[in-house]
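A short worksheet on the structure shown next.
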Amino acid sequence: MTSTAPEALEGPHPMAPTVAEPSSWAHRLRRFGYRPPAAGPLAVGLRERLVPPYTRPSPRVWTVLGISPATAERLVRLSAWGGPLLVALVAGVLRFWNLGHPNAVIFDETYYAKDSWALINQGYEGAWPKDIDKTILQNPGSVLVPTDPGYVVHPPVGKWVIGLGEKLIGFEPLGWRFMVALLGTLSVLMLCRIGRRLFRSTFLGCLAGLLLAVDGLHFVMSRTALLDLVLMFFVLAAFGALVIDRDRARARLAGALPVDEEGLLRPDATVARTLNLGWRPWRLAAGVLLGLAAGTKWNGLYVMAAFGLLTVAWDLGARRTAGATRPYAAVARRDLVPAFVSVVPVAIVTYVASWTGWLVTDKGYFRDWAERQDRLTGGGTWSWLPDWLRSLWHYETEVYNFHVGLHEPHTYQSNPWSWIVLGRPVSYFYESPSPGVNGCPTDAGGKCAQEVLALGTPLLWWAACFAILYVLWRWAFRRDWRAGAIACGIAAGWLPWFLYQERTIFLFYAVVFVPFLCLAVAMMIGAIVGPPGSSERRRTFGAVGAGVLVLLIVWNFIYFWPLYTGTPIPLEAWRHRMWLDTWV
C-alpha cells in the first residue's frame, strides 16, 4: 500500500549511526512520544531529509489491479495534477451551481458589491444612497455610480477582485459573486498541490483539497461577495509559494554538499555555513501575495509577520540539517536580510500600489486632506512629504481608529474562543416562503425556512479540534516541520483575534485558516491509516476508520446543503439542522 502516514519519511537508514543516550528531560518526554535526534556527524538519510521523495503506491497494488509497470508509472505521473484537477472540478461545480441564488443583496454584500462597482468604474468608492439595493436588483442599468466619495474601512484589493467579476458579467448577484467563486475553486486546487508537496503524498494532498471543497464555511464564503475569501486565497497562495521556496532552497543545499565513495550525501559545515542560496523568486512572490492579502484586509499583516518568521525558521533548519555547527549565525549572516527584503518591503510596495485608483484621482475620500491641512495650518512637521502619502497615512489612521473602536453589539457576533466549535454562525439571508412560493414544497404543511448560513461543516470542524492537538503534539515531540507549518497557518489566522475580544467580530473571519484546518485533519487521517511497517490488520482497520470519517464529513456537508445554498425546506427540517441552540 501507499504510505500515507506522517511517519512515512522517518524510517531509519540502514547505515544509521548509533543514537546518543538522551538526557534526563528527553527520557521524561519520551512517554509523550518525543524522539531525540540521531547523534554524530553522519545525518541519517541526509538527501531524503533535505529533499524528501514522494510516496508511491506499492507494486502489489498494480499487480492486484492487473496494471503493467509502464502504465502504472504513467498513472502516477498523471495523478500529480490529475487528482487535484478532479477535486477542483468537483469544487467548482458545487460553487458555481446556481450562483446567482438568492437573487438578493445578502449580508455585507450591501457594502462590497456597490463599492466594487464604483471602484472598477471610477477608481474610488462612492457614497451610495441608503435604499439603492432594490433598484440595483430590479434595474441595474439605471443605477448611476455616485461621484461623491464614500468612507470605507477596508483596503481596495478585494473590491478590485469583486469588481472584475461585475465588469465581466454585470452589476448583479452573479457578477459580484463570480470572482469570489473562482478564487474559492482555485484555492481547492492550490490546497491539493500544497498538501501533496507538504506530505509528499498525492493522496493526502487531494484529501486536504476534498475536505476544503466540502467545508460549509468555505463553500458559503465562495458564493458570497465578501472580502474574507479573497484574503484566504492570497494567504494560502503565499503559504504555497513559501513551501516551494523551501523545497528549492534545500535542493540547492543538497546539490552543493559532498558525496562519499558510496554515493551517500555527507554534511559539510563549511558549505552549510557559507552557501549563498541565491535568487529566490518564490519568496518574492510570497511577498507580493502577502501585500495583496494586507491590501484586502488588515489582518493579513499578522499573517505576513508569522510567515516571515516561518521562512527564516525553515532556512535555519535547512542549514542545521546540512551540517552547520552554528546555524543561527549562518542564517543571520546569509538569510535574514534577504528574507526580510523579499517579504516586508515587497509587501509594503504592493500594498501602496493597490491604492493606485485612489492615488490617481482627486476625488477619493481624504484624498486632498494634506492639501487642506497645509492651507489651514501653513504646513507642519511632515509637510515635506508628498501630499498623497500624508493623505493616505491620515486615512489609514482614521480607519485603524474605527476598527479598534468597533464595539457596537451585533446579533451574530461571536468570541474567537467559540469559532473552532462553531459556537455562533452567521445568517447571511433568511426568508419564510409559504407553500408553493419561491420553491417551498406545496406539501410543507406550513411556511418553509430559506437560509444561507455561514457555518462550517460541523463534523469536519469538530474533527479539526483533535487534529489541532495532534499537529501540536507532532510539532513539539516529533519535531515535524509540516505540523509546525500547519500550526503556524492556523495561529496566524486565528490568534490575533484574541487581542480584540471586545470588538465586534464574526465566525466567518475564520475562513482565513480553514485550509490549514483541512491540512491538519488530512495529516491526522494519514496517521489513522497507519505508519509504514504496520501489520496488514492495523492498516486495514486504519483505512476503514479513516474512510468512515471522510464519508461522515461528506454526508454532513450534504445534510446541511439547504442551509448553505438558501434552498427552501420545511420548518421542521430546518429545526432538525439547528444542532446547537446558538445556531438559531
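Residues that are aliphatic (A, V, I, L, M) and over 30 Å from HIS101 (Cα atoms): which helices (runs of 4 or more DSSP H) entirely in the range 343-444 hold 3 or more of them? Helices (runs of 4 or more DSSP H) meeting the threshold: 387-404.
Scanning the range 112-137 for residues that are crowded, with 16+ Cβ neighbours inside 10 Å and at pLDDT below 90 turns up nothing. Between GLY439, GLY423, the distinction of being within 27 Å of the chain's Cα centre (by Cα) and not charged (D, E, K, R) belongs to GLY423 only. Considered as a group, the residues in the range 138-181 that are surrounded by 20 or more Cβ atoms within 10 Å (Cβ to Cβ) and charged (D, E, K, R) include one that is nearest to VAL105 (Cα to Cα), and that residue is ARG177. The residue list TYR412, TYR430, TYR400 contains one member that is closer than 30 Å to ILE569 by Cβ and either of a type in the set (S, T, N, Q) or open to solvent by 70 Å² or more (accessible area, probe 1.4 Å) (or both), which is TYR430. From the set of residues in the range 293-320 that are assigned to a helix (DSSP H, G or I) and among the aromatic types (Phe, Trp, Tyr), which is surrounded by the most Cβ atoms within 10 Å (Cβ to Cβ)? Going through the qualifying residues, I end up with PHE307.
Of the listed requirements (1) out of contact with any strand residue (DSSP E or B) (no Cβ under 6 Å at 6 or more places or on another chain); (2) closer than 30 Å to TYR151 by Cα, LYS363 misses just one: (1).
Here is a yes/no grid of residues against (1) part of a loop (DSSP other than H, G, I, E, B); (2) open to solvent by 30 Å² or more (accessible area, probe 1.4 Å); (3) hydrophobic (A, V, I, L, M, F, W, C):
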| position | (1), (2), (3) |
| --- | --- |
| GLY489 | no, no, no |
| ALA492 | no, no, yes |
| SER534 | yes, yes, no |
| ALA543 | no, yes, yes |
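Figure legend. Inter-residue proximity from the range 259-285: first residues under 21 Å from VAL243 (Cβ atoms), second residues of a type in the set (Asp, Glu), beta-carbon distance below 6 Å, spacing 6+ or different chains. Indicated pairs: ARG280/ASP245; TRP282/ASP245; ARG283/ASP245. So, ARG246, is that one without any contact (Cβ under 8 Å) to a residue 60 or more places away in the chain, open to solvent by 10 Å² or more (accessible area, probe 1.4 Å) and under 32 Å from the mean Cα position of the chain (by Cα) or not? No: the conditions fail for ARG246. Considered as a group, the residues in the range 127-184 that are of a type in the set (D, E, K, R) and part of a helix (DSSP H, G or I) include one that is nearest to TYR395 (Cα to Cα), and that residue is LYS159.
On inspection, VAL331 fails the criterion of being open to solvent by less than 40 Å² (accessible area, probe 1.4 Å), part of a helix (DSSP H, G or I), of a type outside the set (Asp, Glu) and within 30 Å of PHE506 (Cβ to Cβ). The set of residues from the range 488-511 being in contact with a Leu (Cβ under 6 Å, 6 or more places away or on another chain) and at pLDDT 95 or above comprises CYS488, VAL511. Considering (1) part of a helix (DSSP H, G or I); (2) open to solvent by 10 Å² or more (accessible area, probe 1.4 Å); (3) touching a residue at least 40 places away in the same chain (Cβ under 8 Å), the lone condition that PRO515 does not fulfil carries the number (2). Could you tell me whether the range 449-458 includes any residue that is open to solvent by 50 Å² or more (accessible area, probe 1.4 Å) and either at pLDDT 95 or above or more than 23 Å from TYR564 (Cα to Cα) (or both)? So far as the range 449-458 goes, no, none of its residues is open to solvent by 50 Å² or more (accessible area, probe 1.4 Å) and either at pLDDT 95 or above or more than 23 Å from TYR564 (Cα to Cα) (or both).
For the range 373-394, the count of residues that are more than 30 Å from VAL145 (Cα to Cα), touching a Lys or Arg at 6+ places or on another chain (Cβ under 7 Å) and loosely packed, with under 14 Cβ neighbours inside 10 Å is at least one. Restricting ALA225, ALA238, ALA208 to those that are part of a loop (DSSP other than H, G, I, E, B), of a type in the set (Gly, Ala, Ser), touching a helix residue (DSSP H, G or I) at 6+ places or on another chain (Cβ under 6 Å) and surrounded by 24 or more Cβ atoms within 10 Å (Cβ to Cβ) reduces the list to ALA225. For the criterion of being more than 34 Å from the chain's Cα centre (by Cα) and either of a type in the set (Phe, Trp, Tyr) or closer than 30 Å to ALA313 by Cβ (or both), TRP369 passes. Within the range 98-111, the set of residues being open to solvent by 10 Å² or more (accessible area, probe 1.4 Å), within 21 Å of PRO562 (Cβ to Cβ) and under 23 Å from the mean Cα position of the chain (by Cα) comprises just one member, PHE107. Comparison of TRP497, TRP473 shows that the only residue that is assigned to a helix (DSSP H, G or I) and open to solvent by less than 30 Å² (accessible area, probe 1.4 Å) is TRP497.
The values are calculated or read from the model by the stated rules, or taken from the named source; none is laboratory data. Just so we're clear, the structure is a prediction, and the values are computed from it rather than from any experiment. With ideal geometry, Cβ positions are generated from the backbone for all residues, glycine too; neighbour counts draw on all protein chains shown. Each accessible area value is taken on the protein alone, full model and side chains, heavy atoms only, with ligands, DNA and RNA left out. Shrake-Rupley method; radii C 1.70, N 1.55, O 1.52, S 1.80 Å.
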